[in-house]
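First comes the structure, then the notes that go with it.
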Amino acid sequence: MSLLDWVNPLKIFLDPVERVADAISRAQVAKAQAQTDEKRMQYDERIEALKAKKQVLIEESSDSPNAKMRTFLAMPVGILLWKILVWDKALGQWTGGRTDALSSDIWNVVMAVVGFYFLYQVAALWKRKS
């Protein structure tokens, strides 16, 4: 980690493309230091997978309709959860924040959006290990 990373710890969350690029660099160095052809082949596979992931991240961060739609659907849920957890619960003593009871339909939408992100991450981890 550089000095800048210590000053701005959120940088690693804000720039996943840079994290993947760093992983590619480390894998290339490890490949150069590998003693056997088998290890070099493993690093080649790892490098190719990381390059594909980097390309997907670049494509998704562009002006793609998919990224816009996911943001459009997730933002209200994020705002609602933030309001309930922070404004109503954590700061409720000072803010007097109160949210009307939400219908089960709204909670089903919230759980679907949150569940999507959870399952997406689990699938990505499972795919990586396979």
Problem - Conditions (1) in the same structural domain as V17 (by TED's automatic domain parsing); (2) closer than 28 Å to V17 by Cα; (3) of a type outside the set (D, E, K, R); number of the one not met by Q35 - result: (2)
Handout entry: Near pairs, Cβ below 8 angstrom, 6+ apart or cross-chain, from the stretch 66-79 (closer than 14 Å to V109 by Cβ) to any residue that is of a type in the set (S, T, N, Q) and surrounded by fewer than 10 Cβ atoms within 10 Å (Cβ to Cβ)
Key = none
Problem - Pairs with Cβ under 8 Å, 6+ apart, first in the stretch 85-107 and of a type in the set (K, R), second at pLDDT 85 or above and assigned to a helix (DSSP H, G or I) - result: R98/D88
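The values are calculated or read from the model by the stated rules, or taken from the named source; none is laboratory data. Everything numeric in this text was worked out from a predicted model, so none of it was measured. Neighbour counts run over all protein chains shown; Cβ positions are idealised from the backbone, glycine included.
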